[in-house]
1. State the number of residues belonging to the range 345-366 that are surrounded by fewer than 17 Cβ atoms within 10 Å (Cβ to Cβ) and of a type in the set (A, V, I, L, M, F, W, C).
2. Suppose we filter Tyr268, Tyr253 for residues that are within 20 Å of Ala339 (Cβ to Cβ) and in contact with a His (Cβ under 7 Å, 6 or more places away or on another chain); which single one remains?
3. Among helices (runs of 4 or more DSSP H) lying entirely in the range 59-162, which contain 3 or more residues that are of a type in the set (A, V, I, L, M)?
4. Assuming Ser201 fulfils every condition listed in (1) in contact (Cβ under 8 Å) with a residue 60 or more places away in the chain; (2) surrounded by fewer than 17 Cβ atoms within 10 Å (Cβ to Cβ); (3) not charged (D, E, K, R) apart from one, which condition is it?
5. List the residue pairs whose Cβ atoms are under 8 Å apart, where the first residue sits in the range 39-67 and is closer than 12 Å to Val90 by Cβ, the second is at pLDDT 95 or above and exposed (fewer than 11 other Cβ atoms within 10 Å of the Cβ), and the two are 6 or more positions apart or on different chains.
6. What number of residues within the range 330-379 satisfy the criterion of being part of a loop (DSSP other than H, G, I, E, B) and not polar (S, T, N, Q)?
Amino acid sequence: MQYIGRAIEESFLKKVRPGKVTLLLGARRIGKTSFIQHIVKKMKEPMLMLNGEDMDTIQMLSHRSIENYKRVAGKNKLIIIDEAQKIPEVGQVLKLMIDELPDLKIIATGSSMFDLGNKLGEPLTGRNITFLMFPFAQMELSKEETIIQIKGRLEERLIYGSYPELWQYQGMNEKAAYLKELINAYLFKDIIAYEGIRNSSKMIDLLRLVAFQIGNDVSIQEIAKQLGISRATVDKYLDLLTKVFILHKVSAYSKNLRSEISKSNRWYFYDNGVRNALISNFNSLNLRDDVGALWENYVISERLKFQNYTGMISNNYFWRTYQQQEVDWVEERAGNLFAYEMKWGTKKKVGAPSAWKKAYPKSEFMLVNPDNYLDWIGG
């Protein structure tokens, strides 16, 4: 399968240095291992590659002593540990390696933020540099495609998403089958293993409910009632799903004006294909009644990738009043407000809501539609 360059490559290579652990985090199957295999070809130094899911690796690293790690490293200047979260007390292991072998460079990958975050946490404070990776971003794919191809494949991305392995399948039925396998076999593996969740079907049901509420406020209380579980359990599941890069939470923007809703949240999927696989709907756009939701989810997920990969510092929100005036996406950057409305149709011109303009007259407003979205997502 053709390797497609990732946006973090240049900055990642610059950050791999002695005395630091360079972390690469992201959902399963988004290409972390392929990325590591690609960049090590550019690193002309002796290296050792380990897999945290291999029992020999776990056993070899379990004996925490300086002499043991000196033997493991040998003459290698770089150690790479894939799926590092599988190694017990991996944070302590890496801390000892970095502290006692100061000339050693370490790269560690993990398929979930909460695993590596909890297990590394305090041990690696000040000793690690973290990169996030997502399914292909349009800003990455644009280097391989003409503008005609980008436009021609937009509907496919709204329906099937951007997981790397989809590129090896030609037929739409094959793509749909891959995505169904993805959600059944991979995406929840870390949560179930780490948290010991016995009833994973409730989590699937929760995701399906969220999938039908893209672009709308999500009521935790209502979801809890529908699923027959506690509100605390719903909160816990949603938190875990964000930490394994399936969902992204967006809160309401408010300056405590009486008309503004301030305590609601919305949720978006990092990938449209995962969303559609959960609801078993891969119909073409002309047969769907959720095209607006697909469009909103797609461009927002692409914007999140763009922000992350370019280092854009932004607080992201939505905005709504009790009178039902709303803005889909609000960015607070460097003390300024930027409001965005997502529309699939290109004929209708939409302006900022009157209540928004009155409350925030200095803010900028932009309509994001298929005519101009590439500018907004770096494509």
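The values are calculated or read from the model by the stated rules, or taken from the named source; none is laboratory data. It should be emphasised that the depicted structure is a prediction, and the values quoted were computed from it without experimental measurement. Don't worry about glycine lacking a Cβ; one is built from the backbone with ideal geometry, like all the others, and counts go over all protein chains shown.
1. Filtering the range 345-366 for residues surrounded by fewer than 17 Cβ atoms within 10 Å (Cβ to Cβ) gives 345-351, 354, 357-358, 361-362, 364, 366.
Still in the list and also of a type in the set (A, V, I, L, M, F, W, C): 350, 366.
Qualifying residue count for the region: 2.
2. On the way: Tyr253 fails: in contact with a His (Cβ under 7 Å, 6 or more places away or on another chain).
The conditions single out Tyr268.
3. Details: elements: 66-73, 90-100, 113-120, 138-141, 147-152, 154-160.
By residue number, 66-73, 90-100, 113-120, 147-152, 154-160.
4. Evaluating Ser201 over (1) in contact (Cβ under 8 Å) with a residue 60 or more places away in the chain; (2) surrounded by fewer than 17 Cβ atoms within 10 Å (Cβ to Cβ); (3) not charged (D, E, K, R) leaves (1) as the failure.
5. none
6. 19
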